[in-house]
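Everything below concerns the one structure shown next.
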Amino acid sequence: MKIQQLRYALEVARADCNISRAAQSLYTSQPGISKQIRALELELGTDIFVRNGKHLSNLTPAGHKIIEMAGEVLQKVQAIQSVAQEYTAQDKGSLEIATTHTQSRYILPEVIKGFITRYPEVSLHMHQGSPMQISQLAADGTADFAIATEALELFSNLVMMPCFKWNRCILVPKNHPLCQESRLSLKQVAAFPIVTYVYGFTGRSKLDEAFRKQNLEPKVVFTAVDADVIKTYVRLGLGIGIVASMAIEERDDDLVALDASHLFEYSTTSIGFRRETYMRSYMYDFIEMFSPHLSPEKVAEAIRLQGKPAAEKLFADVDIPII
């Protein structure tokens, strides 16, 4: 049994049994992957994948368990390599970050710029997706860190730490009737067509919950995952926008951002990583650069306490910043 065979099998499973897609991810040939997987199955004496002719369609019952264990083995291999690099090339390596458009577009640029300046020999790669997708990327080891507002808590093997709190604003064109109101109410907001985030993105659940508590049914006419897209359709007059306050920039001076922090509960953005991850020194530094209250000592304590009742109290006395 070879590490390469396990890596091939795991990547095919992640690609929904699509060998062509797995070959592209691994920068190798389809026949090479097929040959290695078949050799592994012959050695194990059982099929990992269900076959329909020449195509793979699913995992066998044994395959599900084998792939799960293969993932654990490869994570251990990666940890061993990280330990060696920490002692032989402390400032060299790679960092894989999975996050949403909002974080990558409005929060991370200055952090990443500072990190690359400090660690020019560390290659940094960003994966974007939905909160569920990026949480899965961290949980299965594809990404080192997941940064999101939702879905991280669904994966029990992730250590999660709160980074900052944020809220929303109502985005309208100049001279919009809502600009005349000194303090908005949800009822006033619900009277207009709304353009906002797709459900599951950027704290959308808090938005829906607020309307539901007041028995209001907002008319959401358009949704997107990208605040820049939402702004575009507000400019077109499709409706009023509800976006994260962090998404407002100076160049948006043709629009008016109205305070809505009293209408919705604050959301918390967290950073998560696998509990068994070997943390390189530059990984600790990235976390602290992104969220200064998460010192290496605090992160190490979070790893130790994760899953225990005491873990819930770890950040109880920490003043989580509001942005």
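The values are calculated or read from the model by the stated rules, or taken from the named source; none is laboratory data. A quick note: this is a predicted structure, and the numbers were derived from the prediction, not measured. As a convention, Cβ positions derive from the backbone with ideal geometry for all residues, glycine included, and neighbour counts pool all protein chains shown. Heavy atoms of the whole protein, side chains included, go into the accessibility calculation; ligands, DNA and RNA do not. Shrake-Rupley method; radii C 1.70, N 1.55, O 1.52, S 1.80 Å.
Which is of a type in the set (A, V, I, L, M, F, W, C), open to solvent by 60 Å² or more (accessible area, probe 1.4 Å) and closer than 19 Å to Asp140 by Cα, of Ile3, Ile66?
Testing whether each residue is of a type in the set (A, V, I, L, M, F, W, C), open to solvent by 60 Å² or more (accessible area, probe 1.4 Å) and closer than 19 Å to Asp140 by Cα leaves just Ile3.
Mind checking which residues of the range 195-223 are under 16 Å from Ile240 (Cβ atoms) and touching a strand residue (DSSP E or B) at 6+ places or on another chain (Cβ under 8 Å)?
If the condition is that a residue be under 16 Å from Ile240 (Cβ atoms) and touching a strand residue (DSSP E or B) at 6+ places or on another chain (Cβ under 8 Å), then Val195, Thr196, Tyr197, Arg204, Leu207, Pro218, Lys219, Val220, Val221, Phe222, Thr223 are the ones that fit.
Quick check on this structure: which one of Glu153, Glu209 is closer than 30 Å to His125 by Cα, assigned to a helix (DSSP H, G or I) and open to solvent by 50 Å² or more (accessible area, probe 1.4 Å)?
Glu153
Kindly indicate whether any position in the range 291-311 is farther than 25 Å from Gly141 by Cα, without any contact (Cβ under 8 Å) to a residue 60 or more places away in the chain, open to solvent by 60 Å² or more (accessible area, probe 1.4 Å) and of a type in the set (A, V, I, L, M).
no
Test Ser135 against the stated conditions and say whether it is surrounded by 15 or more Cβ atoms within 10 Å (Cβ to Cβ), in contact (Cβ under 8 Å) with a residue 60 or more places away in the chain, part of a helix (DSSP H, G or I) and among the hydroxyl-bearing types (Ser, Thr, Tyr).
Considered against the rule, which asks whether it is surrounded by 15 or more Cβ atoms within 10 Å (Cβ to Cβ), in contact (Cβ under 8 Å) with a residue 60 or more places away in the chain, part of a helix (DSSP H, G or I) and among the hydroxyl-bearing types (Ser, Thr, Tyr), Ser135 comes out as yes.
Is it true that Val256 is in a strand (DSSP E or B) and over 29 Å from Ala146 (Cα atoms)?
Criteria met by Val256.
Could you please give the count of residues in the range 96-132 that are assigned to a loop (DSSP other than H, G, I, E, B) and within 8 Å of the chain's Cα centre (by Cα)?
Summing the residues that are assigned to a loop (DSSP other than H, G, I, E, B) and within 8 Å of the chain's Cα centre (by Cα) in the range 96-132 gives 3.
Considering only residues of the range 232-247 that are open to solvent by 60 Å² or more (accessible area, probe 1.4 Å) and among the aliphatic types (A, V, I, L, M), which is farthest from Lys206 (Cα to Cα)?
The qualifying residue farthest from Lys206 (Cα to Cα) is Leu236.
If I filter the range 56-64 for residues that are of a type in the set (A, V, I, L, M), within 27 Å of the chain's Cα centre (by Cα) and closer than 18 Å to Glu11 by Cα, do I get at least one hit?
yes
Does the range 297-320 contain at least one residue that is outside any helix (DSSP H, G or I) and of a type in the set (Val, Ile, Thr)?
yes
Considering only the range 259-284, state which residues are open to solvent by 40 Å² or more (accessible area, probe 1.4 Å) and in a helix (DSSP H, G or I).
Passing the criteria: only Tyr284.
Among the residues of the range 186-197, is any outside any helix (DSSP H, G or I), of a type in the set (Ser, Thr, Tyr) and open to solvent by 40 Å² or more (accessible area, probe 1.4 Å)?
Checked against the condition, which is being outside any helix (DSSP H, G or I), of a type in the set (Ser, Thr, Tyr) and open to solvent by 40 Å² or more (accessible area, probe 1.4 Å), the range 186-197 yields no hits at all.
Check off (1) more than 17 Å from Leu137 (Cβ to Cβ); (2) open to solvent by less than 30 Å² (accessible area, probe 1.4 Å) for Ala22 and give me the number that stays unchecked.
Evaluating Ala22 over (1) more than 17 Å from Leu137 (Cβ to Cβ); (2) open to solvent by less than 30 Å² (accessible area, probe 1.4 Å) leaves (1) as the failure.
Quick check on Phe164: is it in a loop (DSSP other than H, G, I, E, B) and either of a type in the set (Phe, Trp, Tyr) or touching an Asp or Glu at 6+ places or on another chain (Cβ under 7 Å) (or both)?
no
Would you pick out the residues in the range 216-229 that are β-branched (Val, Ile, Thr) and touching a Phe, Trp or Tyr at 6+ places or on another chain (Cβ under 7 Å)?
Scanning the range 216-229 gives Thr223, Val225.
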